[in-house]
1. State which residue is nearest to Phe9 (Cα to Cα) when the search covers only segment 159-172 and only residues that are surrounded by 15 or more Cβ atoms within 10 Å (Cβ to Cβ) and over 13 Å from the mean Cα position of the chain (by Cα).
2. Looking at (1) over 27 Å from Glu145 (Cα atoms); (2) surrounded by fewer than 17 Cβ atoms within 10 Å (Cβ to Cβ); (3) of a type in the set (A, V, I, L, M, F, W, C), which is the only condition Val97 fails?
3. For Tyr6, state whether it is of a type in the set (Phe, Trp, Tyr) and surrounded by fewer than 16 Cβ atoms within 10 Å (Cβ to Cβ).
4. I want to confirm something. Restricting to segment 125-158 and keeping residues that are β-branched (Val, Ile, Thr) and in contact with a helix residue (DSSP H, G or I) (Cβ under 6 Å, 6 or more places away or on another chain), which single residue is surrounded by the most Cβ atoms within 10 Å (Cβ to Cβ)?
5. Sort out which residues of segment 10-57 are among the aliphatic types (A, V, I, L, M), out of contact with any Pro (no Cβ under 6 Å at 6 or more places or on another chain) and either in a strand (DSSP E or B) or buried (at least 21 other Cβ atoms within 10 Å of the Cβ) (or both), and write them in order of number.
Amino acid sequence: MGALRYGDFTLTSGRKSSYYFDGRLLSLDPEGAYLIARALLPLVRSAGAQAIGGPTLAADPIVTAVSMASHLEPDGGPIPAFIVRKEAKQHGMGNAVEGHLKPGSRVAVVDDTCTTGGSLFLAIEAAEAAGCTVVKVLAVLDRCEGGGEELRNRGYDFTSLLLANSSGEIEVAG
């Protein structure tokens, strides 16, 4: 799928890296989306999440795949999805959060990659500002550059499917 590339890259966090994980190439592929959803859905259900969301654009296909999988696997009921914009729209409803997010809901927040956790923290803040409780934070890949640790230090239950070291070698998280 070509989701992992080596070279000189600047990450969303502004950090430089010798490798880049383009989670969208994985999550926009039919098989990749299916496998991600199959791996994340049990984690979301076991946390008691009633909705799943994350920062647009990277989380959009992930939350959609998990939501669809929850509908197809009736044990536990359907889990609606939501997305969080970087800033509220300047037109229409002016929403920063789109989708099915109800105040008082227990939610999971997901992103394709966690480096510093910045995008995840923005989505967490938006969900909490909407009156929700974040019960699980997820990433497809944790670059192990402090974001996952910071999420845990702030009291969030963080899990990733994959772990990467500074050379870009990836292993399944255990």
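Any read-out appearing in this document is the output of simple, stated calculations on the displayed coordinates, not a laboratory observation. Bear in mind the structure is a predicted one, so any value in this text is a computation, not a measurement. Please note: Cβ atoms are built from the backbone with ideal geometry, for glycine as well, and neighbour counts cover all protein chains shown.
1. If we take residues in segment 159-172 being surrounded by 15 or more Cβ atoms within 10 Å (Cβ to Cβ) and over 13 Å from the mean Cα position of the chain (by Cα), then Gly168 is nearest to Phe9 (Cα to Cα).
2. Status for Val97: all satisfied but (2).
3. Considered against the rule, which asks whether it is of a type in the set (Phe, Trp, Tyr) and surrounded by fewer than 16 Cβ atoms within 10 Å (Cβ to Cβ), Tyr6 comes out as yes.
4. Taking the candidates together, the pick is Val137.
5. The answer is Leu26, Ile36, Ala37, Leu40, Leu41, Val44, Ala49, Ile52.
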